[in-house]
Amino acid sequence: MDLVAQGQFTILKQPLGFIKALQWIFAIFAFSTCGSYSGMFKMSVECKNRSDSDLGIEVEFEYPFRLHQVYFDAPTCKGGNRERLFLVGDYSSSAEFFVTIGVFSFLYSMAALSVYCFILEKYRENNKGAQTDFVVTAVFAFMWLVSSCAWAKGLSDVKTATDPERVITLIAACDEPENRCREVYDPKVSGLNTSVAFGFINLILWVGNLWFVFKETGWMAAFAGTYVPSQEKQPAPDSFGQGGYGQQDPYAGSQGGYQPDYGQQGGYNEDGGYSQGYEQQPTSYSNQM
């Protein structure tokens, strides 16, 4: 409880923390929609001899889409015999790579959010945490680009390999014109389509987050030439008397000339003359003698 009380959850309202929270959520959506998928399609083979027909051949497949290991039994339309057939293709590499990137993105986003909320000061200390975060974010952005493109291509191949009309061509009995083969049920791949969409959404989030992490690194100020380390900052003056307002005017009292006395009083007297208020000094030479 103390750890939660000390958390700085206001960072979640800022782009740095808010986008990281979105990355955490959409990473879950990406790897869960792909990794938990299982599908099924159904075909029917109607032989000339009705007793040899099979109108409900079900084929199930799932993640990680090693389709070459998926098999089903189809009638040969020859005396009730059946043949075992396998689907074509192994698309586990692209699917597993996509899920792996999603899982690691989820773990890193959760760790980064913990750092933002509880030790943000250490994260910003000397900019080392932010710089590491920027490098890792850039790596994940690139990995999301690669994995999403690879899985999009892999999903396209999975759709082709599990198309009932294409699988029917593998059944030898369907080459005979007297037998009738058709698809009954197509696999639902909407969940896989969603996983690809989530992959590219994650790509956008991680690329967009690069800018906000970059602002924390201090590199922008360093490139602009305005970054000054804290140890080089000049101390503030001890008082205003140093090079400030306490300095005397060098022109005051040092230059000759007329300097008015603002304490003088003047005015008009009753006779209409102007009295300046100066103290009159005796001017008689006899007094001086």
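Couple of notes before you dig in:
- For Y185 and N81, the difference between the fully extended length at 0.36 nm per residue and the C-alpha to C-alpha distance is 35.0 nm.
- Pairs exceeding 27 Å between alpha-carbon atoms, taken from K13/K188; K42/K78; K78/K159; K13/K122: K13/K188; K78/K159.
- Nitroxide proxy distance, nm - points 7 Å out along Cα→Cβ at R124 and F9: 2.0 nm
- Taking 0.36 nm per residue of sequence separation and removing the Cα-Cα distance, the K48/D73 pair yields an extension gain of 7.2 nm.
- Taking all protein chains as they are arranged and a probe of 1.4 Å, the heavy atoms of T194 leave approximately 60 Å² accessible to solvent.
- On full extension, the segment bounded by A197 and L145 gains 17.5 nm, given 0.36 nm per residue less the C-alpha separation.
- Amide proton proximity set for G39, modelled H, under 5 Å, gap of 5+: F61, E62
The values are calculated or read from the model by the stated rules, or taken from the named source; none is laboratory data. In this text the structure is predicted, and so the values were computed from the model without any measurement. We place every Cβ from the backbone using ideal geometry, glycine too, and count neighbours over all the protein chains shown. Calculation scope for accessible area: heavy atoms of the full protein, side chains included, ligands and nucleic acids excluded. Shrake-Rupley method; radii C 1.70, N 1.55, O 1.52, S 1.80 Å.
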